[in-house]
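First the structure, in the form of structure tokens, and then the observations on it.
The values are calculated or read from the model by the stated rules, or taken from the named source; none is laboratory data. The structure presented is a predicted model; accordingly, all values stated were derived computationally and were not measured. Here the Cβ is made from the backbone with ideal geometry for all residues, glycine too, and neighbour counts use every protein chain on show. Accessible surface is based on the protein model in full, side chains and every heavy atom, while ligands, DNA and RNA are left aside. Shrake-Rupley method; radii C 1.70, N 1.55, O 1.52, S 1.80 Å.
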Amino acid sequence: MDTVRTHFPGAFRKLSREEGPLLRDHLIRLGAASRNARFHGGMSDGAVAAYAMRAAAVGSVYVYVEGGKVRGSCELFIPAKGAAEAAVSVEEGWRRRGIGRKLLERALGDAAAVGTGHVEIVAAASNHAMRRLANSLGGSFAAAGADGRCLMPAAAAKSRAA
């Protein structure tokens, strides 16, 4: 079983709309395998940059910042209709510390606070770390070929935070 840190030298917070470049830089720093897992295939730096700026402008982005750089993020999109969606990424040197979990818990809690019952996560069926994280928070992945989908109960995170 992995141990989870309870003290972090950096800060967990919500990214402001003006801080899109911090998210962009984080996502561009992801290695090729991580970028493929995060975006379900390769994306150029330009495409990643455009995505990051859109996400910062229209989504709720929760970040872990250490040394002035975003080292982990969870983007949460809550559309007017349909399922909310979340995506998590943590840079290689910062993994297995509980950063992704803490970011996802915050996103799920905020989704529950606005009345969203579930948040969907789409990940490669081979993304075992994301599957473990989702399962530990009450979600369950259903694999469909190379991809898997998971509906996370937003209220579960809200009750954990209480």
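Over the chain, what relative contact order in percent results from Cα pairs under 8 Å that are six or more residues apart?
Relative contact order of the chain: 19 percent.
Could you give the dipole magnitude of the range 23-146 about its Cα centre, charging the beta-carbon of Lys and Arg +1 and that of Asp and Glu -1, in debye to the nearest 20?
280 debye
In square angstrom, what is the accessible area per residue of the range 1-79 with a 1.4 angstrom probe?
Averaged over the residues of the range 1-79, the accessible area is 51 Å².
Quick one: 3J(HN,Hα) in Hz for the range 71-81, Karplus 6.51/-1.76/1.60 with θ = phi - 60°, rounded, Gly and Pro as x.
Values per residue, Gly and Pro as x: 10, x, 8, 9, 8, 10, 10, 10, x, 4, 10 Hz.
Let me spell out the model: positive unit charges on the Cβ of Lys and Arg, negative unit charges on the Cβ of Asp and Glu, origin at the Cα centre of the range 1-95. What dipole size does that give, in debye rounded to 20?
Roughly 120 debye for the range 1-95.
If I model a spin label as a point 7 Å beyond the Cα along the Cα-Cβ vector, how far apart are those points for VAL114 and ALA80 in nm?
Here the modelled spin labels are 1.4 nm apart.
Under a point-charge model restricted to the Cβ atoms of Lys and Arg (+1) and Asp and Glu (-1), what is the dipole moment magnitude of the range 97-156 relative to its Cα centre, in debye to the nearest 20?
Using Cβ point charges on Lys, Arg, Asp and Glu, the range 97-156 gives about 260 debye.
Out of the trypsin sites (Lys or Arg not before Pro) in the range 31-91, which ones are loop residues according to DSSP with at most 12 other C-beta atoms within 10 Å?
In loop regions of the range 31-91 (DSSP not H, G, I, E or B), the sparsely surrounded trypsin sites (Lys or Arg not before Pro) are LYS81.
In a Gaussian network model over the chain where Cα atoms closer than 10 Å are linked, find which of SER44, SER126, SER60 has the largest mean-square fluctuation.
SER44
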